[in-house]
Amino acid sequence: MEEGPEAGRGVYSISVAAELVGMGVQTLRLYEARGLLRPARTAGGTRRYSPDDIDRLRRITDLLDAGLNLAGIAMVLDLQDQQRQLRDDERRLRDDNS
């Protein structure tokens, strides 16, 4: 997973994102509809995928290859997001107490 301010910035169109991860555009729309990812939107409503979104799509592919269905993938991704948030909170607390 990329780090830094640019990692979460939406820069790729849906067609470029689909090509980068080897998926169809409709698949990306399905994953968004299922809540597996939330790409940024321009003022006009165009989806913009960030490097973090690309990493997440690759993680989804890995989980599908491991045999999980979309509901299972949603649970795994949610738990990973919670774990990441807890680590970030812990790091901030540690820094504040230093």
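On the beta carbon distance between residue 94 and residue 46, with R0 = 41 Å, the FRET formula returns roughly 0.55.
Shown for 19, 90, 32: other C-beta atoms within 10 Å of each C-beta, ranked fewest to most, produce the order 90, 19, 32. By the compact-protein rule of thumb, 2.2 N^0.38 Å, the alpha-carbon radius of gyration of segment 14-96 corresponds to a ratio of 1.23. Pull out a ≥ b ≥ c, the square roots of the eigenvalues of the alpha-carbon gyration tensor of segment 58-98, then state rounded if a/c is under 1.5, prolate if not and a/b is larger than b/c, and oblate in the remaining case. The shape class here is prolate.
The slack between residue 15 and residue 71, meaning 0.36 nm per residue of separation minus the straight C-alpha distance, is 17.7 nm. For the pair residue 82 and residue 33, the difference between a 0.36 nm per residue extended length and the Cα-Cα distance amounts to 15.6 nm.
Read-outs throughout are calculated quantities, based only on the coordinates presented, and are distinct from any laboratory measurement. Every value quoted in this text rests on a predicted model; they were computed, and no experiment measured them. Glycine gets a Cβ as well: all are built from the backbone with ideal geometry, and neighbour counts include every protein chain shown.
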